[in-house]
Every structure is written in C-alpha cells, then in structure tokens.
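> Have a look at this one.
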Amino acid sequence: MEAGREGLTRVQNLTPDDVAKGMRERTILLVDVREERETVVERIPGALLMPLSEFDPAAIPDPQGRRVVFACASGVRSVRASQIAQTEGHAYDAHLAGGLKAWRAAGYPSET
C-alpha cells in the first residue's frame with residue numbers, strides 16, 4: 001500500500017489546551033468541519049468553517065506556517081477530515097480530541 005492511502009493515515013489527538021495555546025500563538029489554524037446548522041448555534045472563536053459534507057482539503061487557505069487542526073462536535077468527523085486530507089496528499093494530521101464538547105468542558109469560550 002502506498003504512503004498516503006487511508007490505511008496508513010495517522011491522526012494526532014490534541015487537547016483543548018494544545019489547541020487554545022496554538023490559536024493564541026498563531027501556530028494553529030483550526031478548521032471546524034461541522035455543518036452550518038451546527039456552527040450557527042455555537043462555534044469556537046477564530047475557527048475556519050468547512051463542513052465535512054462539502055469538504056475539500058485543497059480549499060483550505062494557505063495556513064501560512066500554521067499547523068492545520070480539525071475540530072467537530074466530539075472528534076469523529078475531525079478524524080475523518082484529517083484522513084481525507086492525508087489521502088489527498090496534505091500533511092494535516094491533527095484534530096481536537098473530543099471536539100467542541102471537550103473544548104467547553106475545559107472551560108474555553110465559544111460564540112453563538
């Protein structure tokens with residue numbers, strides 16, 4: 001099997017603390033892959049919105065040296081987004097473990 005095939009993808013779990021620090025220091029570009037009906041209710045401030053139903057990793061803007069990290073509600077779709085990106089040749093190998101639920105539980109702000 002070739003490198004980049006879905007069976008060889010690896011997704012690193014980042015904590016809410018890791019992601020918050022990276023966003024604060026501008027070393028992380030957070031990409032929220034939840035659907036619009038979810039993000040209008042609540043979202044992580046500063047996250048780029050790219051619904052998984054329309055997901056195209058090539059459409060992610062140049063991260064300008066930042067690490068691309070995916071997020072969703074609980075961590076399932078964000079893993080899937082990372083796997084899709086990797087199979088298409090992008091080195092986007094991290095997600096917010098536990099998603100928005102973990103973000104809120106850690107005490108970080110969200111916006112409506």
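Every read-out reported here was derived from the displayed coordinates using simple, explicitly stated rules and does not represent laboratory data. As the structure is a prediction and not an experimental result, all values here were calculated from the model. Because the Cβ atoms are built from the backbone with ideal geometry, glycine has one as well, and the counts that use them run over all protein chains shown.
> Taking θ = phi - 60°, what integer Hz values does the Karplus form 6.51 cos²θ - 1.76 cosθ + 1.60 yield along the stretch 40-53, in sequence order, with x for Gly and Pro?
Values, residue by residue: 6, 7, 6, 8, 7, x, x, 6, 7, 9, 9, x, 4, 5 Hz.
> Ignoring everything except DSSP H segments at least 4 long, calculate the 222 nm mean residue ellipticity for the chain; use -39,500 (n - 2.57) per segment, divide by total residues, nearest 500.
-7500 deg cm²/dmol
> Full-extension gain between Thr15 and Leu49, please, as 0.36 nm times their residue separation minus the C-alpha to C-alpha distance.
Details: separation 34, 0.36 × 34 = 12.24 nm, distance 1.95 nm.
Between Thr15 and Leu49, full extension yields an extra 10.3 nm.
> To the nearest 10 degrees, how steeply does helix 76-87 sit against the main Cα axis of the chain, on a 0 to 90 scale?
That helix lies at roughly 30 degrees to the long axis.
> Around Ile28, which amide H atoms from residues at least 5 apart in sequence, or from another chain, sit under 5 Å from its own amide H, with H modelled in the peptide plane?
Amide H neighbours of Ile28: Met23, Arg67.
> To continue, here is another question. Less than 12 Å Cβ to Cβ from Ala97, Lys/Arg counted +1 and Asp/Glu -1: what total charge do the surrounding residues give? Provide the component values of the computation, followed by the final result.
Numbers: positive: Lys101; negative: Asp17, Asp18.
Around Ala97, the charge tally is -1.
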